[in-house]
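Data first, discussion second: the structure below is written as structure tokens.
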Amino acid sequence: MNIFEYVKTILLDIAKSRGVEDDILLHKITAEPPKEDIHGDVSTNIALLCSKKLNSNPRQLAESFKELLVKNTYIDNVQIAGPGFINIFLNKNIFYECCKNVLNIKNEYGRSNYGKSEKVNIEYVSANPTGPMHIGHARGAVFGDSLANLLQYVGYNVTREYYINDAGQQIINLAKSVYIRYIEILTKKEAVFDDDLYPGEYLIAVAKEIIDIYGDRFLSCDEQNWIKVFKEFSTNAMMNIIKEDLSLINIYHDNFVSEEHIKSIGLIDKVVKLLNKNGSIYEGVLDPPKGQKNENWESRPQLLFKSTLFGDDLDRPLKKADNTWTYFAADSAYHYDKFKRNYTSLINVWGADHGGYIKRIEGIIKSISNSKLKFDVKLCQLVNLNKDGKPVKMSKRAGNFISMKSVIDSVGADVLRFIMLTRKNDAPLDFDLAKVKEQSKDNPVFYVQYANVRINSLYKKAQNHGINLNDELINVNFDLLNNSSEINIIKLIAKWPRQVEAAAKANEPHRITFYLNDLASAFHSSWSLGNEDPSLRYIIDNNMDLSKARLALAKIVKIIMASGLSIIGVEPVDKLS
């Protein structure tokens, strides 16, 4: 039961009864939680929206709507605020109905068909296949995977995709780096790397595998004779490492798309042909880059995409000086490939350094889809890894980066996933390796998991009192729950379906983590009251009816905790070590 959808249905019926039939206007009518609890349980803009259509003063119209609303048995009071906002106060019965609903349908509570099986492609991680996953990759990986879980939870048909950048200079540098290790192993001479190569020791194993297959065949060969073999072998090896790293935090993609494959099947030519047909490209000359001396700039005609038409600061080249395609051209072809796969919406999860790239890709998608394909980019800011408040030094063994695996080994996969969603994706994230192991209120992972542990302890105590939590909590009397801490929990429970939907609408899975923290906080506060006043404990020896009601409330919290944690890919724990 979604109380906000329930109230919105009432509001739409009222609007239609007054002759409002404009679907666009009706869609804009909201039923949302007010910013402050003193303003009720649901706030709506119905009077403001309908006033012009009905040629009526918004506040007077709100008063007439109030007369209809208060007739509903679940509505206690209605107040008019400002120019015509309506604040609705619901009675306890509708919240008790939500509790009964959770006990009946359990972990299905909050699930919906909001997405109506629309096809959504979420591209995330897409790290260059040049080495193991580092801690910076982890944030986008967890964000993208949790977003996929969230959208599936509300009824979208989601594809989890990884774009393999296997056609650029970085892959040539990777192959050269492996070749240096290859020579090092065969000749016993210490490897020397240029600045643009990859000195990580993880490439030694790759070189050894090549030796196992090819021996010293390439030892004295020119680059043209070994580069293809080393590129393919190295890329495959790195992708295997990346997939293994991702599996440590239970991330598995449905689809892997190769940039090299996109180029080889002629998709760049196809998308350029379509862009030309749409009038989105032209031969032109760009101004020299800002800050660059004119004498160092060679003006020449280039094939340009009209990116400025879509909000970009300049048009973007599709070809380089040597007449080969730019990375942007390949990326345009990749998004054209997505478009051809008939998705309703595309979501890209990128690092913060890709912010300047958004407008040009938005432009490509609008051009090839005639603005019909929805597109959203979520930028993930940097992760600052600390220990006791001090930055963690880079690992020279790993190749001058902090591997994701090393962090998982230190704190665990669940902790890593949870922490990555404790801040909004576009805000920097501080990850303190010591703090996330603390058993304190300041540790958000512990705080949420401890609520589940406490509820488990209640289960054991209930059994000692002869209460079977599986069989005896269906017909409990929720009317007995009327102290402020209980009502606070119950109202949070009622907000869960709406919270999930709002998070999905905004493509913001961190809202689930925030909600779980709020729910845990409400439960811990309720528990603490019982420590101060025995009559507020969850099990009262001489009042089994009240005990069962409170135990049912705890069970509902546990059910929703499990649902929320599943969305962010975390397992609820039964006990803390």
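Can you tell me which of 340-346, 450-456, 438-444 comes out highest on packing, and rank the rest after it, using the mean Cβ neighbours within 10 Å?
Those peptides, ordered most packed to least, come out 450-456, 340-346, 438-444.
Can you give the charge dipole size of segment 444-567 about its Cα centre, rounded to the nearest 20 debye, using +1 on the beta carbon of Lys and Arg and -1 on the beta carbon of Asp and Glu?
300 debye
How are the alpha carbon pair distances in segment 3-90 distributed across 5 Å bins from zero to the largest one, expressed in percent?
With a bin width of 5 Å, the distribution comes to 3, 16, 30, 28, 17, 6, 1.
In debye to the nearest 20, how big a dipole does the chain give about its Cα centre with +1 on each Lys and Arg Cβ and -1 on each Asp and Glu Cβ?
Its charge dipole is roughly 720 debye.
Compute the FRET efficiency between ILE38 and ASP287 as 1/(1 + (r/R0)^6), taking r as their Cβ-Cβ distance and R0 = 41 Å, and round to the nearest 0.05.
The computed FRET efficiency comes out at 0.10.
Give the order of THR308, THR44 when sorted by the count of other beta carbons within 10 angstrom, beginning with the fewest.
Ordered from fewest to most neighbouring Cβ atoms within 10 Å, THR308, THR44 come out as THR308, THR44.
Cut-off is 10 Å between beta-carbons; in what order do SER484, SER234 appear when sorted fewest neighbours first?
Lowest to highest Cβ neighbour count: SER484, SER234.
With +1 assigned to the C-beta of every Lys and Arg and -1 to the C-beta of every Asp and Glu, and no other charges, what is the dipole magnitude of segment 265-380 about the Cα centre in debye, to the nearest 20?
That gives segment 265-380 a dipole magnitude of about 520 debye.
Quick one: which residues, 5+ away or cross-chain, put their amide H under 5 Å from the amide H of ASN45? H built at 1.01 Å from N.
THR30
Ignoring everything except DSSP H segments at least 4 long, calculate the 222 nm mean residue ellipticity for the chain; use -39,500 (n - 2.57) per segment, divide by total residues, nearest 500.
My calculation for the chain gives -16000 deg cm²/dmol from helical runs alone.
For the chain, report the translational diffusion coefficient in µm²/s to the nearest whole number, using Stokes-Einstein at 4 °C, 1.567 mPa s, and a Kirkwood Rh over Cα pairs.
The calculation lands on 47 µm²/s.
Computed FRET efficiency, Cβ-Cβ of LYS277 and ASP574, R0 45 Å: what is it to the nearest 0.05?
Result of the calculation: an efficiency of 0.15.
Using Cα centres only, tell me the gap between segment 231-302 and segment 1-48 in whole Å.
46 Å
Can you compute the modelled spin-label distance between SER528 and ARG217, with each label point 7 Å from Cα toward Cβ, in nm?
6.9 nm
Which residues' amide hydrogens lie under 5 Å from the amide hydrogen of LYS319, considering only partners 5 or more residues apart or on another chain, with H built in the peptide plane?
LEU303, THR326
Calculate the spin-label point distance for ASP322 paired with ASN173, positioning each point 7 Å from the Cα along the beta-carbon direction, and give it in nanometres.
Label at ASN173, label at ASP322, 1.6 nm between them.
To the nearest Å, what is the center-to-center distance of segment 538-556 and segment 517-537, using C-alpha atoms only?
Rounded to whole Å, the Cα centres lie 13 Å apart.
Report the one residue of ALA15, ILE135, PRO34 whose Cα lies farthest in the direction of the positive end of the charge dipole of the chain (charges on C-beta: Lys and Arg +1, Asp and Glu -1; origin at the Cα centre).
ALA15
Once you have the Cα-Cα distance between GLN224 and GLU209, take 0.36 nm times their residue separation minus that, and quote the gain in nm to one decimal.
3.4 nm is the gain from fully extending GLN224 to GLU209.
Can you put VAL206, VAL257 in order of Cβ neighbours within 10 angstrom, beginning with the fewest?
VAL257, VAL206
Enumerate the amide H contacts of GLY115 below 5 Å, restricted to partners 5 or more residues apart or on another chain; note that Pro and chain-start residues carry no placed amide H.
The answer is GLY155, TYR156.
List the pairs from LYS106/LYS441; LYS495/LYS558; LYS35/LYS359; LYS28/LYS52; LYS243/LYS374 whose alpha-carbon separation is above 22 Å, in the order I gave them.
Violating the 22 Å limit, Cα to Cα: LYS106/LYS441; LYS35/LYS359; LYS243/LYS374.
Could I have the simple spin-label model distance between ASP388 and PHE193, label points 7 Å from Cα toward Cβ, reported in nm to one decimal?
3.0 nm
Throughout, read-outs are computed from the coordinates displayed, never taken from laboratory work. Just so we're clear, the structure is a prediction, and the values are computed from it rather than from any experiment. Please note: Cβ atoms are built from the backbone with ideal geometry, for glycine as well, and neighbour counts cover all protein chains shown.
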